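Asks: Just dropping this structure here.
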Amino acid sequence: MTLSTAIHPILGPDRWWISAPLAGVGLGILTNLAQGVLPGASNQIANSGAVWCVPAFAVGALVAGGHPALRKPAGAGLYTTIGLVVGYYGYAEFGRGGMGSPFWPLVWLAMALLSGPLFGAAGAWWRRGHTALRRVAGLASLAAVFGMEAVLYVRVLHYAEQAWACAALLVLTPLLMGRGHRERALALLVALPLSVIAYAVVELPLQHLSA
């Protein structure tokens, strides 16, 4: 029996309800471990809400089948983001001497309940969308979350390197993942205003909570 055959029952697309939260927990622990280890501006990767949206998008794309229903991709995205929160704060509690107040874990858990299904569905639309509009919407959603963080770094935190890195991801995501020049251009055009909207809807309330 090969290794791939042995792990397929757990990690195969029909077992997303097992593999998605396991992947989330593992990535949550990894991002906690990476804080303070990654050099320079790249350290922000370990403390980025945008980066946490990528696994939900990826698992949504992986479990998306030919059927247009979004139940499985959205569920996989949800389980992944919940796993990220559990892994990150679980390691903080048991591996770093305590996570402190439960306020921010609960805030990020609430965010996971919203962002997980959204980006899981976005990943499915990008991979299996039967119309160009759906594929563009899915791809623009992923690009916009990096644009949202670029605005945060420029407007609030004044981190130039991180802002440039997120701006580059905002542009590169449609260029590298789009299907054809028209789809790439449309996804980028949609992602630009969506970045500002996401900043107003997501980042401004979080800043208010942090104040």
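Asks: Whole Å is fine, so just give me how far the alpha carbon centre of the stretch 90-108 lies from that of the stretch 185-209.
Replies: 27 Å
Asks: Quick one: Karplus J couplings for the stretch 148-165, per residue in order, coefficients 6.51, -1.76, 1.60, θ = phi - 60°, nearest Hz, x for Gly and Pro?
Replies: 4, 6, 4, 4, 4, 5, 6, 7, 10, 8, 6, 9, 5, 5, 5, 4, 5, 5
Asks: Based on the Cβ-Cβ distance from Leu38 to Ala69, what FRET efficiency comes out when R0 is 30 Å, to the nearest 0.05? Please report the intermediate quantities before stating the final value.
Replies: Values: r = 38 Å, r/R0 = 1.28.
Efficiency for this residue pair is about 0.20.
Asks: Per-residue counts of other Cβ atoms within 10 Å, averaged by peptide: what ranking do you get for 162-169, 190-197, highest first?
Replies: Ranking the peptides 162-169, 190-197 by packing returns 162-169, 190-197.
Asks: At R0 = 41 Å, how high is the FRET efficiency between Arg182 and Trp17 if r is their beta carbon distance? Nearest 0.05 is fine. Spell out each step's value before the answer.
Replies: On the way: r = 36 Å, r/R0 = 0.89.
Result of the calculation: an efficiency of 0.65.
Asks: While we're on this one: Cβ neighbours within 10 Å, averaged per peptide: list 146-156, 198-208 in order, most packed at the top.
Replies: On the way: 146-156: 21.1, 198-208: 14.2.
Ranking the peptides 146-156, 198-208 by packing returns 146-156, 198-208.
Asks: Calculate, in whole percent, how much of the Cα-Cα pair population of the stretch 13-120 lies beyond 24 Å.
Replies: The share of Cα pairs beyond 24 Å in the stretch 13-120 comes to 24 percent.
Asks: Follow-up question, since we're still on this one. Going by Cα centres, the stretch 17-62 and the stretch 143-177 are how many Å apart?
Replies: Comparing the Cα centres of the stretch 17-62 and the stretch 143-177, I get a distance of 17 Å.
Asks: For Leu192 paired with His130, estimate the spin-label separation in nm (one decimal), with each label point 7 Å from Cα along the Cα-to-Cβ line.
Replies: 3.3 nm
Asks: Mind listing the phi-derived Karplus ³J(HN,Hα) values for the stretch 100-108, rounded to whole Hz, using 6.51, -1.76 and 1.60 with θ = phi - 60°, and x for any glycine or proline?
Replies: Coupling constants for the stretch 100-108: x, 5, x, 4, 6, x, 5, 4, 6 Hz.
Asks: Which of Asn43, Ala132, Pro117 sits farthest toward the positive end of the charge dipole of the chain, with +1 on the Cβ of Lys and Arg and -1 on the Cβ of Asp and Glu?
Replies: Ala132
Asks: Here is a follow-up. Viscosity 0.692 mPa s, temperature 37 °C: give me the Stokes-Einstein translational D for the chain in µm²/s, with Rh taken as the Kirkwood radius over C-alpha pairs.
Replies: This corresponds to a translational diffusion coefficient of 186 µm²/s.
Asks: Suppose only helical runs count, i.e. DSSP H with n ≥ 4. What mean residue ellipticity at 222 nm does that imply for the chain under -39500 (n - 2.57) per run, divided by all residues and rounded to the nearest 500 deg cm²/dmol?
Replies: On the way: 9 runs with 158 residues, N = 211.
Computed mean residue ellipticity for the chain: -25000 deg cm²/dmol.
Asks: For the chain, with the dipole built from +1 on Lys and Arg beta-carbon atoms and -1 on Asp and Glu ones, taken about the Cα centre, which of Met99, Leu157, Ser19 lies farthest toward the positive end?
Replies: Among Met99, Leu157, Ser19, the one farthest towards the positive end of the dipole of the chain is Ser19.
Asks: May I ask you to evaluate 6.51 cos²θ - 1.76 cosθ + 1.60, the Karplus curve with θ = phi - 60°, for each residue of the stretch 196-211 and list the ³J(HN,Hα) values in order in whole Hz, giving x for glycine and proline?
Replies: 5, 4, 4, 4, 5, 7, 9, 6, 4, x, 5, 5, 5, 5, 6, 5
Values quoted throughout were computed directly from the atomic coordinates according to the rules given, and no laboratory measurement underlies them. Quick caveat, the model's predicted, so the values are computed rather than measured. Positions of Cβ are generated from backbone atoms using ideal geometry, with glycine treated the same way; all protein chains shown enter the neighbour counts.
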